[in-house]
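See structure below.
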Amino acid sequence: MNLFNSTIFICITLGGLGCGQKPPNTREAAEIGDSLSLLESDLNALSSLNEKGPRAYDASSNGRFYQIFGGYSGKNVRDFINERIQYYFKASDGYSLSPPDQKIIHRNWIYKGLESIDDTNVLAFNFGTQIWIQGLLDRTTYTVTLDKGQVVPATSSRVGIVGLTARYVKYLPKNDNSSTEIPIEFRQSTIIHEARHSDCTDGITESDLNRIRQAQSYSEFIHNSHARKCGHFHSPCETGDLKGLLACDLDPWGSYGIQMIFLEGVINNIKPGAAAWQILNAKILDNKSRVQFGYLRMIYSQAHHPNMNSSGLR
Amino acid sequence: MKWKNSVLLAIGILSLTPLYFFTPTTKKENSTIIKTSVFQTQVILPTQINKENKNLPQKLTPPSVDQIRQEVASDPHSTPISILNFAAKLGPKMEQALETEETALVFFEELKKCTLNSTLPVSIQAICLSNVQILTETYPILEDQMNIIKEQASAESVRLIDPLFFEEE
């Protein structure tokens, strides 16, 4: 199934400027309005982030929030995101890739491909680094075409192209047909998670690329490649309830870890036990269980200071 | 007076019974809530019925390990919706428990069972344990019990909540 068809896309820039929109029908308009304007409002809301929570967290966590985000303000967090994500689009609109190669890493391995990420699956995904690495593997530069022919060359992992699905919403549907409001920090943390996927930590070498070329499966790539921190690809969980599932980070300071630190900071601003606190707490604990490296070592080991830089081909 | 109260109670029950039984399953919880509120405004309720009605719509139903694995298999990236739903249900119960010690003591037992149920996913056990901790912060009378729970709980769930717990020992 070739989904690289030419579809018209809706995207926004981080500054909140629209970059061209097709005339949507009512249903589409509602969906587009819901996910992209909700995103914009979520990012804008960072300006009112209360620094107290992150500061309180850092007092007992070896300053990790500061080390990751460069400060405690919403501007610091927004800058973190802006450095790593340049484009957002509505996932169901798809995208077109040039050259139309089918061998995007991930694509032929665990996931069937990005086409499996539809509106019923994830909240958001960032495939900029994958396309950039695929370009390195194929010795070319791939370009992604977004809304109205906007062409995005994937020349760096920090190109940051994030698709939002229909699950990027304000309310959590419950089993009894009622719903609960999802705290804004939950969605903000999702964007932070995706932003981290734009970091090629420690860069990537030709020998890394050769190993990736030779890998027969995603698992082989993850375990043999020294470059899994380039894009912070998720790994199969080695222990716990999710053992064997592609839902963990083996290294510290991957997307789950960074997202967890943000949430640990902001949850301090919320009344413990309250509805919003419960959702964020559940998210923190789920993330913590996915960081296989171990929380204590991440927080307290000086040897594992978070490296927030991003490099290219070395 | 006694017979007047009985008549009022009977009228209340009869008028709401069809609403309860003929509402689709998913709506039954809502109708129970309606029933409680209507009773409270129209009839002097026996305490027992009031308690039952209060607890009915809020019964915790933690997801199983299998359910979570299925959800993660289809969407590895996100926190399973069943975990979030479980957390969402805890919110109103905790808010009630934080209001009165009596409610807190009852809910504490429910959280204890959940925390110590090793067949549940570790993240669910940990969610329950974290709420045990919050209740204990508000009601220090529960501290000894909380420490016992922590000692009996799975090491994995305690580590998620309180990574220094084992180091302190």
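Key figures
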{"read-out": "Residue selected from the stretch B:64-73 under the condition assigned to a helix (DSSP H, G or I) and more than 7 Å from every other protein chain (Cβ to nearest Cβ), by the criterion most open to solvent (accessible area, probe 1.4 Å)", "value": "B:Gln70"}
{"read-out": "Where B:Glu52 falls short, out of the listed (1) part of a helix (DSSP H, G or I); (2) at pLDDT 95 or above; (3) more than 10 Å from chain A (Cβ to nearest Cβ)", "value": "(2)"}
{"read-out": "Failed criterion for A:Lys271 (all others in (1) modelled with pLDDT under 90; (2) basic (Lys, Arg); (3) assigned to a loop (DSSP other than H, G, I, E, B) hold)", "value": "(1)"}
{"read-out": "Looking only at the stretch A:267-280, and only at residues there that are in contact with a helix residue (DSSP H, G or I) (Cβ under 6 Å, 6 or more places away or on another chain) and within 7 Å of chain B (Cβ to nearest Cβ), the one that is nearest to B:Ser82 (Cα to Cα)", "value": "A:Ile279"}
{"read-out": "Only listed residue being within 17 Å of A:Ser189 (Cα to Cα), in contact (Cβ under 8 Å) with a residue 24 or more places away in the chain and either surrounded by fewer than 20 Cβ atoms within 10 Å (Cβ to Cβ) or under 16 Å from the mean Cα position of the chain (by Cα) (or both), chosen from A:Ile279, A:Ile270", "value": "A:Ile270"}
{"read-out": "Selection within the stretch A:195-220 - touching a helix residue (DSSP H, G or I) at 6+ places or on another chain (Cβ under 7 Å) and closer than 20 Å to A:Phe125 by Cα", "value": "A:Ala195, A:Arg196, A:His197, A:Ser198, A:Asp199, A:Cys200"}
{"read-out": "Residue count, the stretch A:207-242 (criterion: under 22 Å from the mean Cα position of the chain (by Cα) and within 14 Å of another protein chain (Cβ to nearest Cβ))", "value": "12"}
{"read-out": "Considering residues of the stretch A:282-296 that are more than 7 Å from chain B (Cβ to nearest Cβ) and not in a loop (DSSP other than H, G, I, E, B) only, the residue surrounded by the fewest Cβ atoms within 10 Å (Cβ to Cβ)", "value": "A:Val291"}
{"read-out": "Residues of the stretch A:130-157 classified as out of contact with any helix residue (DSSP H, G or I) (no Cβ under 9 Å at 6 or more places or on another chain), open to solvent by 40 Å² or more (accessible area, probe 1.4 Å) and either modelled with pLDDT of 90 or more or more than 11 Å from A:Tyr95 (Cβ to Cβ) (or both), total", "value": "5"}
{"read-out": "Subset of the stretch A:299-314 [at the interface with chain B (Cβ under 10 Å from one of its Cβ atoms) and more than 28 Å from A:Ser48 (Cα to Cα)]", "value": "A:Tyr300"}
{"read-out": "Check on A:Leu245, in contact (Cβ under 8 Å) with a residue 60 or more places away in the chain and either open to solvent by less than 10 Å² (accessible area, probe 1.4 Å) or touching a helix residue (DSSP H, G or I) at 6+ places or on another chain (Cβ under 8 Å) (or both)", "value": "no"}
{"read-out": "Number of positions in the stretch A:53-75 that are more than 21 Å from A:Tyr295 (Cβ to Cβ), open to solvent by 40 Å² or more (accessible area, probe 1.4 Å) and assigned to a helix (DSSP H, G or I)", "value": "1"}
{"read-out": "Test: residue in the stretch A:185-199 that is open to solvent by less than 40 Å² (accessible area, probe 1.4 Å), among the charged types (D, E, K, R) and at pLDDT below 80", "value": "no"}
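One line per residue, one yes/no per condition, for (1) open to solvent by 30 Å² or more (accessible area, probe 1.4 Å); (2) facing chain A (nearest Cβ under 10 Å); (3) assigned to a helix (DSSP H, G or I):
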site: B:Thr61; (1), (2), (3): yes, yes, no
site: B:Ala87; (1), (2), (3): no, yes, yes
site: B:Val106; (1), (2), (3): yes, no, yes
site: B:Glu110; (1), (2), (3): yes, no, yes
site: B:Leu120; (1), (2), (3): no, yes, no
site: B:Leu135; (1), (2), (3): no, yes, yes
site: B:Leu142; (1), (2), (3): no, no, yes
site: B:Met146; (1), (2), (3): no, no, yes
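The values are calculated or read from the model by the stated rules, or taken from the named source; none is laboratory data. Every value quoted in this text rests on a predicted model; they were computed, and no experiment measured them. Ideal geometry is used to build each Cβ from the backbone, glycine not excepted, and the neighbour counts take in all protein chains shown. Note: areas computed on protein heavy atoms with side chains; ligands, DNA, RNA excluded. Shrake-Rupley method; radii C 1.70, N 1.55, O 1.52, S 1.80 Å.
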